[in-house]
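Undergrad: The structure's right below; bear with me while I get my questions together.
Quick note: the coordinates plus some simple rules give every number you see, no bench work behind them. In this text, all values refer to a predicted model and were calculated from it rather than measured experimentally. Neighbour counts are summed over all protein chains in view; Cβ atoms, including those assigned to glycine, are modelled from backbone coordinates with ideal geometry.
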Amino acid sequence: MSLARFLSDPNSTIRIRLTRVRGSSPRGEGTEMFVTGRALSGTIGGGQLEYMAIDAARAMLKQSINHRAMDIPLGPEIGQCCGGRVELSLQRMDRQSRDEVVSQEAAERAALPHLYIFGAGHVGRALAQFCELLPLRTILIDSRSEELQQCSALVELRHTALPEADIDAAPKNSAFVVLTHDHALDFLLTAQALQRGDAAYVGMIGSATKRAKFERFAAASSDNVPVTWLNCPIGALGSGDKRPAVIAACVAAEVITALTRNTAPSNQKTMTRLHNF
């Protein structure tokens, strides 16, 4: 369910916002969540803080209260150990506030960093599944439609015989992970991504031997390929486990670290799924 649909009846929704944070807190100022009588969207950090806020929001709905402020210490008094203190604003939504939130979410979605996964094999599909949960616009690309059809992740699928065109069209600070079924194609796509000079992350699946071969390939080409920017082997955080899901988990960690380094918003707001509660 989209947030727009979740907020289709804004008068039955309470908007909870962290308006001030002092000391340690699980989320930053500006973080929001939305509460109805039966469902939730987002999180302000979980634990007793969130339970208290949800209870207060649902009490507001039952009692037809439009606004409430809360000041909560995150210590032994409520069974949390963060040690900070937060102030919350709880507001019954109207049509204007609903439209503001929906527009803001659309803007945040449009600004998400792009991740291009070249190759819809076992590792590519596993990586797409992990990245479906991350604040990314993930595009899985392959020339083999039968492989793309096996992907169950809610990401963008592109069937193309010209994957290099996607590299050319990608916005600045995109991430590129190359793991196709063809080593020669891997080399060509990786070199092209590196030559852009503005990628946040370029990774190619393979061993140290494959990296050495790529470096010789790059040195022999007439183009200046900055091979020092290449992540290969990818998923270096791993223990050498070659199962697709394990490799994908480690690569997802590398990618999101590269994409959010020095760019994460101060309030750490990200789009979230909707939950029944």
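Undergrad: Neighbour counts of other C-beta atoms within 10 Å: give me Ser97, Ser2, Ser64 arranged from fewest to most.
TA: Ser64, Ser2, Ser97
Undergrad: Going by alpha carbons, how many degrees (0 to 90, nearest 10) lie between the helix axis of 47-63 and the longest principal axis of the chain?
TA: Helix 47-63 and the main axis of the chain meet at about 50 degrees.
Undergrad: List Met70, Met93, Met204 from most exposed to least, where exposure is judged by having the fewest other Cβ atoms within 10 Å.
TA: With the fewest neighbours first, Met70, Met93, Met204 line up as Met70, Met93, Met204.
Undergrad: Name the long-range amide H neighbours of Thr138: under 5 Å, sequence gap of 5 or more, or other chain; modelled H, no Pro or chain starts.
TA: Distant-sequence amide H within range of Thr138: Leu115, Glu156.
Undergrad: So in the chain, what percent of DSSP beta bridges are antiparallel if you round to the nearest 5?
TA: So the antiparallel bridges amount to about 55 percent of the total.
Undergrad: Okay, next question. Report, to the nearest 10°, how far helix 95-110 tilts away from the longest principal axis of the Cα atoms in the chain, using its own Cα long axis and a range of 0 to 90°.
TA: Helix 95-110 sits roughly 20 degrees off the main axis of the chain.
Undergrad: If the chain between Gln195 and Thr209 were fully stretched, how many nm would it gain, using 0.36 nm times the residue separation less the Cα-Cα distance?
TA: Answer, rounded to one decimal: 2.9 nm.
Undergrad: Return one number: the angle in degrees, 0 to 90 and rounded to the nearest 10, between the long axis of the Cα atoms of helix 244-260 and the longest principal axis of the Cα atoms of the chain.
TA: Approximately 70 degrees, to the nearest ten.
Undergrad: Counting other C-beta atoms within 10 Å, and keeping those with at most 12, which DSSP coil trypsin sites (Lys or Arg not before Pro) do you find in the range 113-200?
TA: Of the trypsin sites (Lys or Arg not before Pro), the ones in loops of the range 113-200 whose Cβ has at most 12 other Cβ atoms within 10 Å are Lys172.
Undergrad: Of all alpha-carbon pairs in the chain, indicate the percentage at a distance above 26 angstrom.
TA: Of all Cα-Cα distances in the chain, 52 percent exceed 26 Å.
Undergrad: Additional query: I'd like to know which of Ala175, Thr228, Phe118 lies farthest towards the positive end of the charge dipole of the chain, counting +1 on Cβ of Lys and Arg and -1 on Cβ of Asp and Glu.
TA: Ala175
Undergrad: Now for a separate question. Using a 7 Å offset from the Cα along the Cα-to-Cβ direction at both Leu237 and Met70, what is the distance between the two label points in nm, to one decimal?
TA: 3.1 nm
Undergrad: Shifting gears a bit: Could you name the aspartates and glutamates in cross-link range of Lys210, using Cα to Cα under 13 Å and dropping any fewer than eight places away on the same chain?
TA: Correct list for Lys210: Asp182, Asp186.
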